[in-house]
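Here's the structure we're looking at; comments come further down.
The values are calculated or read from the model by the stated rules, or taken from the named source; none is laboratory data. Because the structure is predicted, anything quoted here is derived from the model rather than measured. Note that we place each Cβ from the backbone using ideal geometry, even for glycine, and neighbour counts take in every protein chain shown. The area values use the complete protein model at the heavy-atom level, side chains included, leaving out ligands, DNA and RNA. Shrake-Rupley method; radii C 1.70, N 1.55, O 1.52, S 1.80 Å.
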Amino acid sequence: MSFENLGLAEPILRAISEAGYHTPTPIQSQAIPAVLSGGDLLAGAQTGTGKTAGFTLPLLHMLMANRLARVAGERTHVRALILTPTRELAAQVEESVRTYGKHLPLRSIVVFGGVGMNPQIDALRRGVDILVATPGRLLDHHQQGTVDLSKVEFFVLDEADRMLDMGFIHDIKRVLAVLPPKKQSLLFSATFSDEIKALAERLLNQPKVIEVARRNATADTVEQVVHPVDRDRKKEMLAHLISSNNWHQVLVFTRMKHGANRLVEFLQKQDITAMAIHGNKSQSARTRALAEFKSGDLQVLVATDIAARGIDIDQLPHVVNFELPNVPEDYVHRIGRTGRAGSEGRAISLVCVDEEGFLADIERLIKRSIPRELVAGFEPDPHAKPEPIQLGRRVLHGGGGAKSGGGAHSSHRSGHGQGARQGQGRQGAGSGSGGRSHGSGQGRGPGGQVRERERTR
Ligand code: AMP
């Protein structure tokens, strides 16, 4: 399969070739003909599959094919609206629109919150064909009458699952209410929950359904490993791993913003260049951090889940989970940043005794156990007791100690417990599949199901 066979116009094919793409990814070879045929689409694809080009390329083609001769001086109205959950993703999608549409006379802009409205108003007034937006700011513009959505022909909802996770459902409904009923709609989501299905039913008209990566499957090109470590030695271990392996372009995840800031300070003291990207940072600080990271000037970018959503960096070699996410699906999203579009990547998780329950949940979700590798000099204390994890005002019990005994307790502790230590000691670090035999997801009866338990204080 080549891009030439998909029926895209020549200026688009030229831009694709200039971007260095030779073969369509699976989502592209399915989504492109589906969109070109004119129907609605429900697509299951996560970041890293090439989904952005999967909807942008046929969208550009359709906009060109259906273009009416523009009267000189007439300003264009919005013909295609692409909604994304985060500012970063919006900026990156619009960058893709520009890249693939660079030989076409179509205008695009991106609007999101956190920056002034006036430049956006000016650009909208000049006229745009393609508008990429986050929901809140789009609604601000609509309320102020600075955007006209009444002639939208194409509507794309990107990362719909994350939109719902972020509480955008009401905003999405408000947007839908102001769009014309007759339009071609595309919904992209990494997962298909009941809520997504309900949204799809409301939005889409007899859609084609395509799903590329199995739900919650982790990319095969990502090599995953867990380094067991004591909670108070994680920072040191991370600095050690970065320096001793001479890692560059490491994306590091923390659960909380202040954790991200503290880690950055620590790394900087170790002469490792690092910046944090999270919701408290100004848009310009986030954009600068991302640009420096992409250019290779910045060694480490520390991010929280929401801020990192949609960060698109080609061939990111390393993703580190400094803290495991308490929502297992976030693990899949996080490691989707590496090993994308065929290149290999490595996802490294630093796991302390407090997080073994999170690890077990992740392994159950991805249906595989992640090999444990001890790092010499950082072997965890086998007697360490799990402590609850403070997440804002919530207290999470992610450790084996949260369970009152039973199979779950002992299997949670497999990363640190006696059995695992013996196994790892024998097999040694880097023993490849030999280290896989201690998946804590294995051998757990129904009574051993560990659910995240939250208490509000
Ligand atoms: P996405 O899933 O849209 O975030 O895209 C993931 C990455 O794959 C982006 O960095 C794209 O530039 C890249 N990409 C998209 N399509 C292709 C392709 N056909 N060949 C190679 N790389 C691609």
> So which residues in segment 125-184 are without any contact (Cβ under 8 Å) to a residue 40 or more places away in the chain and among the β-branched types (Val, Ile, Thr)?
Replying inline: Thr146, Ile169, Val178
>> Anything in segment 349-400 that is in a loop (DSSP other than H, G, I, E, B) and charged (D, E, K, R)? List them, or say none.
In response: Lys367, Arg368, Glu373, Glu379, Asp381, Lys385, Glu387, Arg393
> Out of the residues in segment 314-331 that are open to solvent by less than 10 Å² (accessible area, probe 1.4 Å) and within 16 Å of the ligand (Cβ to nearest atom), which is modelled with the highest pLDDT?
Replying inline: Val319
> Which one of these does Arg87 not meet: (1) touching a Phe, Trp or Tyr at 6+ places or on another chain (Cβ under 7 Å); (2) open to solvent by less than 50 Å² (accessible area, probe 1.4 Å); (3) within 25 Å of His170 (Cα to Cα)?
Replying inline: (2)
> Within segment 110-131, is there a residue that is modelled with pLDDT under 95 and among the polar types (S, T, N, Q)?
Replying inline: no
> Residues in segment 50-71: is at least one open to solvent by less than 40 Å² (accessible area, probe 1.4 Å) and more than 24 Å from Arg107 (Cβ to Cβ)?
Replying inline: yes
> Residues of segment 7-49 being away from the ligand (no atom under 11 Å from the Cβ), surrounded by 17 or more Cβ atoms within 10 Å (Cβ to Cβ) and either part of a loop (DSSP other than H, G, I, E, B) or in the same structural domain as Gly345 (by TED's automatic domain parsing) (or both), which ones?
Replying inline: Leu8, Asp40
> Which of the residues that make up segment 50-72 are within 12 Å of the ligand (Cβ to nearest atom) and in a helix (DSSP H, G or I)?
Replying inline: Lys51, Thr52, Ala53, Gly54, Phe55, Thr56, Leu57
> What pairs can you find where one residue is in segment 290-302 and assigned by TED's automatic domain parsing to the domain that holds Phe253, the other is assigned to a loop (DSSP other than H, G, I, E, B) and open to solvent by 30 Å² or more (accessible area, probe 1.4 Å), and their Cβ atoms are less than 7 Å apart, with a gap of 6+ or different chains?
Replying inline: Phe293/Gln249; Gly296/His248; Gly296/Gln249; Leu298/Thr273; Gln299/His248; Gln299/Thr273; Val300/Thr273
> Going through segment 245-296 one residue at a time, which ones are surrounded by 18 or more Cβ atoms within 10 Å (Cβ to Cβ) and of a type in the set (Ser, Thr, Tyr)?
Replying inline: Thr254
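With the requirement that a residue be within 13 Å of the ligand (Cβ to nearest atom) and open to solvent by 20 Å² or more (accessible area, probe 1.4 Å), what does segment 99-130 give you?
Listed by number, the list holds a single entry, Thr99.
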> Applying the selection to segment 370-390, what residues are at pLDDT below 90 and open to solvent by less than 20 Å² (accessible area, probe 1.4 Å)?
Replying inline: Ile389
